[in-house]
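Every number here is computed from the coordinates shown, using simple stated rules; none is lab data. If you're wondering where the values come from, they're calculated on a predicted model, not measured in any experiment. Backbone-built Cβ (ideal geometry, glycine too); neighbour counts: all protein chains shown.
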Ligand code: BTN
């Protein structure tokens, strides 16, 4: 039996405000696309789409997200949380942290699992300091004028995967490869939703402060040499506006708010 089969009943019993109604699909194009289309048709807060397989899974910055059928947790949840457009980027950080915490719990470690700003989740290997990607988050929003009508949080987590395509060249990992005992997509889904349900309304209402300490402890880029949007230097944390702070060789501390952090040195992530 699939480790997702019991998820709907378990989520209903948990009383979480997210995860219902739940649509569980053997195959779809992209759960984010389904969620966005349903949001436009009036789907309620908490609606969720989970797929065993996606034929057109999407990542950030136009990348594709590929996963073999049944091996990953692939889902999108719709938030109707009141949120100013300027705070939308913070919800990506909230989602990344919720995923990090759920994966850390599944691996029974608090130190090996980190967030790569803005919202990838990576696992440090047990031997050295190399970090491999285990999850990615794609947050998309629907605006009506200056109002946020809906926020789709799409998450992919490598769970049972034991081998990755060559092009990922050792840059990806999974709960199974990291030695999680009997990883379950259903319980991972529950834990991620619990984190999101707790933190998203707080951050949407009052900014990053309620989670800033936890996010800083989970920051996998701190102290690493990075390049973001043409700024190169040493990452010195995430500020309360959710920006990555980069110390340039000239000594300036530059807050960077968009783009992807490329890392020099031994951090490896797709
Ligand atoms: C990234 O790493 O760039 C983000 C990847 C997000 C992938 C998830 S899988 C479920 C949801 N549906 C999609 O098409 N994308 C997200």
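For the pair residue 168/residue 205, report the inter-label distance in nm, with labels modelled 7 Å from Cα in the Cβ direction.
Placing both labels 7 Å along Cα→Cβ, they lie 3.8 nm apart.
Reported to two decimal places, what Rg/Rh ratio describes the range 1-149 when computed on Cα atoms with Rh from the Kirkwood expression?
Across the range 1-149, the Cα-based Rg/Rh ratio is 0.96.
Report, as a whole number in µm² per second, the diffusion coefficient that Stokes-Einstein gives for the chain at 10 °C and 1.306 mPa s using the Kirkwood radius over alpha carbon pairs.
D, rounded to a whole number, is 85 µm²/s.
On full extension of the chain, what length is gained from residue 41 through residue 182, given 0.36 nm per residue of separation minus the C-alpha to C-alpha distance?
Full-extension gain reported as 46.9 nm.
So what is the orientation-averaged projected area of the range 189-269, using the convex hull of its C-alpha atoms, in nm²?
For the range 189-269, the mean projected area of the Cα convex hull comes to 6.2 nm².
For a protection proxy built on the mean count of beta-carbon atoms within 10 angstrom, sort 99-109, 174-184, 69-79 highest first, please.
Answer by packing, highest mean first, reads 69-79, 99-109, 174-184.
So for the range 116-270, averaging the separation of alpha carbon pairs under 8 Å that are six or more residues apart and normalising by length, what relative contact order in percent results?
20
Under the definition of Cα pairs under 8 Å and six or more residues apart, what whole-number percent is the relative contact order of the range 1-156?
That works out to 20 percent.
Taking 7 Å along the Cα-to-C-beta vector as the label spot, tell me the residue 253-residue 84 distance in nanometres, rounded to one decimal.
Those two pseudo-labels are separated by 2.3 nm.
Quickly work out the residue 149-to-residue 112 label distance, labels modelled 7 Å from Cα along the C-beta direction, and quote it in nm with one decimal.
4.5
Restricting to Cα pairs below 8 Å that are 6+ residues apart, what does the relative contact order work out to for the chain? Please round to a whole percent.
Relative contact order of the chain: 18 percent.
Looking only at the range 10-106, where both bridge partners belong to it, what percent of the DSSP beta bridges are antiparallel (to the nearest 5)?
Antiparallel bridges make up about 50 percent of those DSSP assigns within the range 10-106.
Given the rule -39500 (n - 2.57) for each run of at least 4 DSSP H residues, summed and divided by the residues of the chain, what is its mean residue ellipticity at 222 nm, to the nearest 500 deg cm²/dmol?
-8000 deg cm²/dmol
Label the range 130-236 by shape, choosing from rounded, prolate and oblate, from the square roots a ≥ b ≥ c of the eigenvalues of the Cα gyration tensor; if a/c is under 1.5 it is rounded, and otherwise prolate applies when a/b is larger than b/c, oblate when it is not.
oblate
Between the range 158-217 and the range 23-55, how far is it from one alpha carbon centroid to the other, in angstrom?
Answer, in whole Å: 19.
Taking square-rooted eigenvalues a ≥ b ≥ c of the alpha carbon gyration tensor, is the range 115-181 rounded, prolate or oblate, where a/c under 1.5 means rounded and, failing that, a/b exceeding b/c means prolate?
It comes out prolate by the Cα gyration axes.
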